[in-house]
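The values are calculated or read from the model by the stated rules, or taken from the named source; none is laboratory data. Please read all numbers here as calculations on a predicted model, not as lab measurements. Glycine also receives a Cβ, built like all others from the backbone with ideal geometry; neighbour counts cover every protein chain displayed.
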Amino acid sequence: MAEAWRRALWMLAAAQLFAAAAFSLVLPFLPLYVQTLGVADAGQAALWAGASSALLTLAGAACGPLWSTVARRQSARMAAEYTLLGSALVVGAMGLARNASQLMGLRLVQGSVAGVQTSLAVLASAVAPRTQLGWSIALLQAATLAGAALGPPAGGLIASRFGYRIAFAVAAALLCAAGLATALTGRQAMAIRRPVARTGIRSALRDPTILGPLRPTIATLLLLQLAATATLPVLPLYVKELGGNPAATTGLLLGLGGLAGAISAQATGPLGAAIGYRLAVAAAALGAALLSAPQALATTPGQLLVLRIGLGLFSGTLIPSIQALLGQVTPAERRRAALDLASGASLAGSIAGPLAGAIVAAAFGLRAVFLATTVLLLLAAALTTRVAPRARGAPQALPSSLQSQG
């Protein structure tokens, strides 16, 4: 009985792995799929894909409180099962879409049944003993990173060999497998309930003593999130323009770039302790900018792959470093409000980034998006210099819920 919690956690980790792989599996070919639905122009296809991604994130933010209520009144396990099953049905239906409007509508519905990660994290934190809480969170985070790294290459390969519609079916099957793994967590996870967390973004925005000192850090986080997501709707189309296998090559780009980021993220703590998190953010943003601009000049998929891996190495330390910096410059009594502001900035960047990238692509061409992200990264590096310096050392880090989605 004492080991029941370990079995439950491994089941939750498997669910997280399957869900992360499923959600990232469609990224390498979504704009290409839009082209098969009657939108031939690359810029317009990017615009449709970017708008659908923005709507998905926006719907997820709007419906998040609903699933928190389900978790409170029913259980976190039931909330996770509902969202996984709903996501499986919607993702499967995407493979049957007849036009871009239907696809966008389904992406909107997919966003409304989001909330999987939150529910699984609540389950993990409640199932594990307090002494093992750190290990349980690390296990789920590792499963998320592994799924996000495996999903794009698998999706690109499946789409290239068997077609886009089969890839959507595989993603739906993975979500069903995640639901099954959640159902197998055991009875100890069934009755877990958590109160709905109330955000304090509005009150923090109205309090100048909170917002004022944090404004440069929050603005930096927003710019980084914009840069991280702006290229998602155009990357497959750009690979196609360079003459590569668009779905398979894009999956490889996203997978290896994500893997490089996961590896470099482990250096965040030692790097911040050695040079300070403010300098770490500025250096990583500058390095990412220097590797983002040459992507606009790439002539082969191989060149783009090398640049994306290098970009991932710098980008992997950016979000963890800015989170640590935010925790370092925020007094303990204001850390809750700082987290609320950071979550809002991260969400805004995730919504606006793909749409902004698609608009730039439609207006100025695919290559212009990489130049736009370079400007965003340079602005982020410059803004970091305005963050009020504090003593070095281990910061009171904020929770790791603000991970980049790019």
Quiz item: Can you find a residue in segment 347-363 that is within 12 Å of L224 (Cβ to Cβ), β-branched (V, I, T) and at pLDDT below 90?
Solution: no
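One line per residue, one yes/no per condition, for (1) at pLDDT below 80; (2) surrounded by fewer than 17 Cβ atoms within 10 Å (Cβ to Cβ):
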| position | (1), (2) |
| --- | --- |
| L17 | no, no |
| F23 | no, no |
| Y33 | no, no |
| A46 | no, no |
| S75 | yes, no |
| G86 | no, no |
| G95 | no, no |
| S101 | no, yes |
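Listed here are the residues, each with its yes/no results for (1) out of contact with any His (no Cβ under 8 Å at 6 or more places or on another chain); (2) at pLDDT 65 or above; (3) among the basic types (K, R); (4) under 24 Å from M78 (Cα atoms).
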| site | (1), (2), (3), (4) |
| --- | --- |
| A143 | yes, yes, no, yes |
| G151 | yes, yes, no, no |
| T185 | yes, yes, no, yes |
| Q188 | yes, no, no, yes |
| I192 | yes, no, no, yes |
T299 meets each of (1) assigned to a helix (DSSP H, G or I); (2) under 26 Å from P31 (Cα atoms) with one exception, condition (1)
When T209 is run through (1) farther than 17 Å from A13 by Cα; (2) at pLDDT 75 or above, the failure sits at (2)
Checked segment 239-283 for anything charged (D, E, K, R) and crowded, with 19+ Cβ neighbours inside 10 Å; matches are K240, R278
